[in-house]
Amino acid sequence: MKLYSTKNPSTRVSFKEAVFNSMPQDKGLYMPVAIPKLDDKFLNHLDEYTLPEIAFHVAQALIGEDIPENDLKAIISDTINFLAPVVKLEENVFVLELWHGPSLAFKDFGARFMSRVMSYFLEKGEKQLDVLVATSGDTGGAVALGFLGVPNTRVTILYPKGKVSDIQELQLTTNGQNIRAVEIDGTFDDCQALVKQAFTDAELNEKFRLTSANSINIARLIPQTFYYFNAYAQLLKQGIGKVVFCVPSGNFGNIGAGLLAWKMGLPVEHFIAATNLNDTVPEFLKTGVYQPKPSVATLSNAMDVGDPSNWVRIADLFKADAEALKDLITGYSYNDEQTLEAIKFINDNYNYVACPHTAIAWQALRDWQQDNYKADTAGVFLSTAHPCKFPDVFPESIAAKVNVPEQVADLFKKDKKATALGKGFEGFKDYLMKNN
C-alpha cells in the first residue's frame with residue numbers, strides 16, 4: 001500500500017511509515033495512492049460473510065502485501081471480536097449499533113486495529129513509540145483500552161477540562177501502566193492543535209518517536225470501513241439492496257470511512273452528515289464556503305469540533321469537485337433542545353434509548369427521508385456510543401431504562417489521575433520533555 005499527502009500528491013510512503021508518522025511534515029493527511037474497487041461477486045454476496053471475514057477482505061484489498069495474509073487474519077481476529085448489529089426501528093429506519101466493544105463506542109474498531117498494527121510493525125530493540133491522542137470524549141477511552149499493556153508503547157491522551165462526561169473521563173484517567181492523561185484547560189480543538197504541533201516540532205521528534213491515535217492516522221480509518229460493509233450485508237439478508245447512511249459527525253473520520261467504502265464499491269445511495277451546533281460542514285454544503293470556527297460545548301460532546309481534520313480527506317476524494325460531493329452528502333445540524341426532543345421521541349415511539357450523538361443522527365435521517373423517501377431504500381443511522389456514558393443527559397424516566405455494563409460500574413471504584421495543563425504549546429512541550 002502506497003500513500004500520499006493531501007498537500008503533496010507526489011509524496012509516496014509505505015503503510016508502515018504512514019501508521020507510525022501519522023501526519024506528514026507538510027501538515028496534510030495520508031491517503032491511498034490507489035483505492036481498490038472490490039469485485040461485484042464479493043459485494044453482491046456480502047450477506048454470506050461474517051464481520052471478521054468482511055473485515056479481512058476489505059483490509060487485505062487496501063493494505064495489500066504490507067501485512068501477510070495469516071498475520072492480517074490474526075490481527076482481525078484479535079480486533080473485531082464483538083458485534084455491530086443493525087436493529088430495525090420501523091419500516092426503512094434502522095440503527096447500526098457500534099458500541100458493543102470494550103470501551104462502548106465506535107472508536108473501538110479503529111483504536112484496537114491500529115494498536116495491533118503498530119504492535120505488529122514494532123521491531124525488537126526499536127525506540128519506544130509515543131502515541132499522542134486528542135479526544136472530545138470517546139476516542140481517548142477506546143485508545144486507552146486498545147493500547148493498554150501493549151509493549152514498547154506509551155499513550156498520552158489530551159482531553160478538554162469539563163467537556164467530557166464523568167464516565168468518559170474515568171475511561172481516560174484510571175488506566176495507569178502505559179496510559180497517561182492530560183487535562184487541557186480549553187476545547188477539543190485546542191487539544192487537537194497541541195497534538196498536531198507536536199508532530200511538527202523538531203526537538204520533540206528528535207527525542208521521541210511520535211505518532212497519533214486520532215483519526216488523522218490512516219490505520220484508524222481503514223477498520224471503520226468494515227462496519228459499513230457489514231451493515232449492508234445485514235440488510236441484504238433482509239432483501240434490501242439500497243441504503244442511505246446517516247452519520248453523527250465531529251472530526252469527520254467516521255463518515256470519511258464510509259465514503260472510502262463507497263469508493264471501494266459499496267453501493268450507498270447517499271450519505272447524511274449530522275452535526276450539533278458545530279456546523280462547519282453543513283454550512284459549507286449549503287453555501288460552498290468552508291469556514292472553520294471555534295468549537296462550542298454541547299450535549300453531544302464527542303462532536304464538538306469546529307475545524308474537522310478529516311474534511312481534507314473527503315475533499316481529496318472528490319478532487320475539488322464540489323458539486324459531486326454535494327450530490328452525495330447532505331448536512332444537518334441541531335441544537336441541544338432539538339437533541340433532547342429527539343431522545344424523547346425515540347424513547348416514546350421505539351422504546352429505544354439513544355445517546356445524544358445517536359439521537360442527532362436519527363433526527364437528520366428523519367428530516368432527510370421526509371423529502372427523499374423511497375420505499376426500496378433503507379435509512380441506517382449510526383449509533384456511536386452506549387447511552388450509559390451520558391447519564392446526565394437523560395430525564396429520570398429514560399435514565400432508569402439504561403443498562404449500565406459491569407465495566408462501567410467498576411470505573412467508579414478507581415481513582416482519577418491526570419495532569420492539568422493550559423492550552424499553550426510550550427507548557428505541553430515542557431511536560432513531554434520532562435516526563436520521558
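The values are calculated or read from the model by the stated rules, or taken from the named source; none is laboratory data. Keep in mind the model is a prediction, meaning the values are calculated, not measured. FYI the Cβ positions are ideal-geometry reconstructions off the backbone, even for glycines, and counts take in every protein chain you see. Please note that ligands, DNA and RNA were not included when accessible areas were found on the heavy atoms of the full protein model with its side chains. Shrake-Rupley method; radii C 1.70, N 1.55, O 1.52, S 1.80 Å.
Looking at PHE94, PHE42, PHE82, which one is outside any loop (DSSP other than H, G, I, E, B) and either surrounded by fewer than 21 Cβ atoms within 10 Å (Cβ to Cβ) or in contact with a Cys (Cβ under 7 Å, 6 or more places away or on another chain) (or both)?
Testing whether each residue is outside any loop (DSSP other than H, G, I, E, B) and either surrounded by fewer than 21 Cβ atoms within 10 Å (Cβ to Cβ) or in contact with a Cys (Cβ under 7 Å, 6 or more places away or on another chain) (or both) leaves just PHE42.
May I ask you to verify whether GLN363 is assigned to a helix (DSSP H, G or I), in contact with a Gly (Cβ under 9 Å, 6 or more places away or on another chain), under 24 Å from GLY256 (Cβ atoms) and polar (S, T, N, Q)?
no
Within the range 209-238, which residues are more than 18 Å from the chain's Cα centre (by Cα) and either under 21 Å from TYR30 (Cα atoms) or at pLDDT below 90 (or both)?
ARG209, LEU210 - these are the residues of the range 209-238 that are more than 18 Å from the chain's Cα centre (by Cα) and either under 21 Å from TYR30 (Cα atoms) or at pLDDT below 90 (or both).
Scanning the range 97-114 for residues that are open to solvent by less than 30 Å² (accessible area, probe 1.4 Å) and among the aromatic types (Phe, Trp, Tyr), which turns out nearest to GLN363 (Cα to Cα)?
Among residues in the range 97-114 that are open to solvent by less than 30 Å² (accessible area, probe 1.4 Å) and among the aromatic types (Phe, Trp, Tyr), the one nearest to GLN363 (Cα to Cα) is PHE106.
Every residue, every condition in (1) surrounded by fewer than 22 Cβ atoms within 10 Å (Cβ to Cβ); (2) among the charged types (D, E, K, R), yes or no:
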site: VAL312; (1), (2): yes, no
site: ASP316; (1), (2): yes, yes
site: LYS319; (1), (2): yes, yes
site: GLN338; (1), (2): yes, no
site: ASN349; (1), (2): yes, no
site: PRO356; (1), (2): no, no
site: ASP367; (1), (2): yes, yes
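Pairs under 6 Å by beta carbon, first residue under 17 Å from ALA231 (Cα atoms) in the range 368-392, partner crowded, with 24+ Cβ neighbours inside 10 Å and of a type in the set (Ser, Thr, Tyr), six or more apart or different chains?
SER383/THR358
Suppose we filter the range 117-143 for residues that are among the aliphatic types (A, V, I, L, M), in a helix (DSSP H, G or I) and modelled with pLDDT of 90 or more; how many remain?
Result for the range 117-143: 2.
Conditions (1) without any contact (Cβ under 8 Å) to a residue 12 or more places away in the chain; (2) under 21 Å from the mean Cα position of the chain (by Cα); (3) in a loop (DSSP other than H, G, I, E, B); (4) under 18 Å from MET264 (Cα atoms), marked per residue:
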residue	(1), (2), (3), (4)
GLN25	no, no, yes, no
ALA55	no, yes, no, yes
GLN60	no, yes, no, yes
ILE63	no, yes, no, yes
ALA74	yes, no, no, no
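I need every pair where a residue in the range 28-41 that is in contact (Cβ under 8 Å) with a residue 40 or more places away in the chain and hydroxyl-bearing (Ser, Thr, Tyr) has its Cβ under 6 Å from the Cβ of a residue that is open to solvent by 40 Å² or more (accessible area, probe 1.4 Å) and not in a strand (DSSP E or B), sequence separation at least 6 or different chains.
Taking only residues 6 or more apart or on different chains, not a single pair turns up.
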